[in-house]
1. PRE reach from Ser213 (point 7 Å along Cα→Cβ): which of the stretch 134-156 fall under 12 Å by backbone N?
2. Using Cα-Cα distances under 8 Å and only pairs 6 or more residues apart, what relative contact order does the stretch 153-228 have, in percent?
3. Karplus couplings for the stretch 56-71 from phi (6.51 cos²θ - 1.76 cosθ + 1.60, θ = phi - 60°), rounded to Hz, Gly and Pro as x?
4. Taking Rh as the Kirkwood radius computed over C-alpha pairs, what is the Stokes-Einstein D of the chain at 4 °C in a medium of viscosity 1.567 mPa s, expressed in µm² per second?
5. For Gln52 and Asn101, compute 0.36 nm times the residue count separating them, minus their Cα-Cα distance, and round to one decimal in nm.
6. Based on the alpha carbons, how large is the Rg to Rh ratio for the stretch 23-142 when Rh follows Kirkwood?
7. Add +1 for every Lys or Arg and -1 for every Asp or Glu among the other residues with Cβ under 11 Å from the Cβ of Glu220, and state the total.
8. Please determine, in degrees from 0 to 90 and to the nearest 10, the orientation of helix 107-121 with respect to the longest principal axis defined by the Cα atoms of the chain, where the helix direction is its Cα long axis.
Amino acid sequence: MMYSAEVEHMCPVAKGAYHGPAPIPEEGRWVQVKENKDISGLTHGVGWCAPQQGACKLTLNVKDGIIEEALVETIGCSGMTHSAAMAAEILPGKTLLEALNTDLVCDAINVAMRELFLQIVYGRSQTAFSEGGLPIGAGLEDLGKGLRSQVGTMFGTKAKGARYLEMAEGYVTRLALDSGDLVIGYEFIHLGKAMEAIKKGTDANEALKAATSKYGRFTEADGAVKYIDPRHQ
């Protein structure tokens, strides 16, 4: 350790009481965090790239300072999906500090990692007050049937109005309009359920039919007078 001449010539003054860092809530306990191994918790964070072309939702489950589980969801950029694949391999097994200082390939994922780090080290994780936290694999509970991310995709123009393309329920195939051309319902395919059925050997057309449902006032009896394909009409 090197000291400047000014410090070398100072007289020593004893340090008073040491109370340690303020305790933070972690999985139902109050913990004074001094090392990586003192950190535990599951939480989510959102990041974005510099041009704000896309975003990442990152979920980490940390136990005793080690990332045991990572869920990486990206939207808005095709390249991000490949970055997410690499990040899912990179993150598990690292400490929080290692992960914070690792290039996670995509700016949006790096920013999400920064946001999670801030949440976790300040005791603001989702499991701060949950005794024992959540088991490894809990991140998958954020996904729907068939383990697909919850995605909402809508498009609208002043000239032609709104088009619902994908909802939490699934891929929208038809919109129901009333006599005033207002959207009053929609038909959708739950792609997760459809793909699960197809993988089990169900005919694709039958699987799609079984996974198709309707939401809102979709029938003529409910006031629907017109149906449109949101992608082609």
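Every number in this text was worked out from the coordinates using simple rules, so none of it is lab data. Keep in mind that what you see is a predicted model, and the values were worked out from it rather than measured. Glycine gets a Cβ as well: all are built from the backbone with ideal geometry, and neighbour counts include every protein chain shown.
1. 145
2. Once divided by the residue count of the stretch 153-228, the mean separation gives 30 percent.
3. Ordered by residue, 3J(HN,Hα) equals 10, 9, 10, 10, 10, 10, 9, 10, 6, x, 10, 6, 9, 8, 9, 10 Hz.
4. Estimated via Stokes-Einstein, D reaches 60 µm²/s.
5. Going from the current span to full extension adds 15.5 nm.
6. 0.97
7. 0
8. Between helix and principal axis, roughly 60 degrees.
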